[in-house]
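J.: Below you'll find the structure I mean.
The values are calculated or read from the model by the stated rules, or taken from the named source; none is laboratory data. Computed from a predicted model, the values in this text were never measured in an experiment. Methodologically, a virtual Cβ is constructed for each residue, glycine included, from the backbone with ideal geometry; neighbour enumeration extends over all protein chains shown. The accessibility values were calculated without ligands, DNA or RNA, using every heavy atom of the protein model including side chains. Shrake-Rupley method; radii C 1.70, N 1.55, O 1.52, S 1.80 Å.
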Amino acid sequence: MGQYLFIISLLLFSWQTKQGQSSKPDIGTASKKETKLVIKKEAELLEHFVDSTNIGKPKKNKFELSLFRNSDSSYVILHFYVKSNQNKWLLKQKFNFSADDISGCFTELSDFNNDGFKDVTYKSAIAARGANDVRRLFIYDARKDQLIYIKNSENYPNLMYNKKLNCIDAFLVHGGSTTVFLKIEKDTLREFASVNLDDKINVQLIDKNGNRRYLIRNKKNTFDPYTRFKNFSPLE
């Protein structure tokens, strides 16, 4: 009887040992899982713009814009080149910005400061269901042969050069509209006058310290509420 009990005990011990071994994790398998490489998809090029015949000094400067999208974001990379004495393009400036890839960049070249050199803008956001064309503005500086990024340009949608006043104006669409008259000061746009339209007309002058003075205040509006003005005094 004692012999049978010994054999049964031995068998139970062997079975428990096997069960214990099978419950342990496979160290080799776990290591493989930990060292498995996660390969991310490369950024996708959505849009590319390049110009060397209009921007800055034609054929001596080159501008390149690329819009990319990866798994979690979109971004724009801008390159500005100058041509060397050896007739090679040398990278002088590089800019990086986050982007909205829904609308596209719609890059445009235009002279915003009447110096005879083309500057560049691209669409950076959508506002007022597309009525406000929000853009980043880069002014070409002929003396330094480079671009100046105008840091607050996105605050002023629908930017245009105003030939009559030799300035830049913006057109903001809201419940009515506001025409804002601006001067370029270093890397910033500074307001010096504005015309606001809704059911009333309000015309303001703004000094360099940001102080505002009304030329016209709460006058009944006889213009279309979405009139863009070329001048604030007189209104036209």
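J.: Can you go through ASP198, ASP133 and tell me which one is in contact with a Gly (Cβ under 7 Å, 6 or more places away or on another chain) and free of Cβ contacts under 8 Å to residues at least 60 places away in the same chain? I'd like the intermediate steps shown before the answer.
T.: Working: ASP133 fails: in contact with a Gly (Cβ under 7 Å, 6 or more places away or on another chain).
After ruling out the rest, the residue left standing is ASP198.
J.: I've got another one for you. Here are some conditions: (1) at pLDDT 95 or above; (2) closer than 19 Å to THR179 by Cα; (3) surrounded by 15 or more Cβ atoms within 10 Å (Cβ to Cβ). ASN132 meets all but one. Which one does it not meet?
T.: Of everything listed in (1) at pLDDT 95 or above; (2) closer than 19 Å to THR179 by Cα; (3) surrounded by 15 or more Cβ atoms within 10 Å (Cβ to Cβ), ASN132 misses just condition (1).
J.: Here are some conditions: (1) farther than 12 Å from GLN146 by Cα; (2) within 20 Å of the chain's Cα centre (by Cα); (3) touching a residue at least 40 places away in the same chain (Cβ under 8 Å). LEU67 meets all but one. Which one does it not meet?
T.: The one condition LEU67 does not meet is (3).
J.: State the number of residues belonging to region 140-160 that are assigned to a strand (DSSP E or B) and open to solvent by 10 Å² or more (accessible area, probe 1.4 Å).
T.: Final tally of qualifying residues: 5.
J.: Next question. If you go through region 161-174 one residue at a time, do you hit one that is open to solvent by less than 30 Å² (accessible area, probe 1.4 Å), out of contact with any Gly (no Cβ under 7 Å at 6 or more places or on another chain) and hydroxyl-bearing (Ser, Thr, Tyr)? Before the answer, list the steps.
T.: First, pick out the residues of region 161-174 that are open to solvent by less than 30 Å² (accessible area, probe 1.4 Å): 162, 167-171.
Imposing the further condition that a residue be out of contact with any Gly (no Cβ under 7 Å at 6 or more places or on another chain) reduces the set to 162, 167-171.
From the residues that got through so far, the ones that are hydroxyl-bearing (Ser, Thr, Tyr) too are none.
There is no residue in region 161-174 that is open to solvent by less than 30 Å² (accessible area, probe 1.4 Å), out of contact with any Gly (no Cβ under 7 Å at 6 or more places or on another chain) and hydroxyl-bearing (Ser, Thr, Tyr).
J.: Continuing with this model, one more query. Within region 94-122, can you find the residues that are of a type outside the set (A, V, I, L, M, F, W, C) and open to solvent by 40 Å² or more (accessible area, probe 1.4 Å)?
T.: Listed by number, the residues that qualify are LYS94, ASN96, SER98, ASP100, ASP101, GLU108, SER110, ASN113, ASN114, ASP115, GLY116, LYS118.
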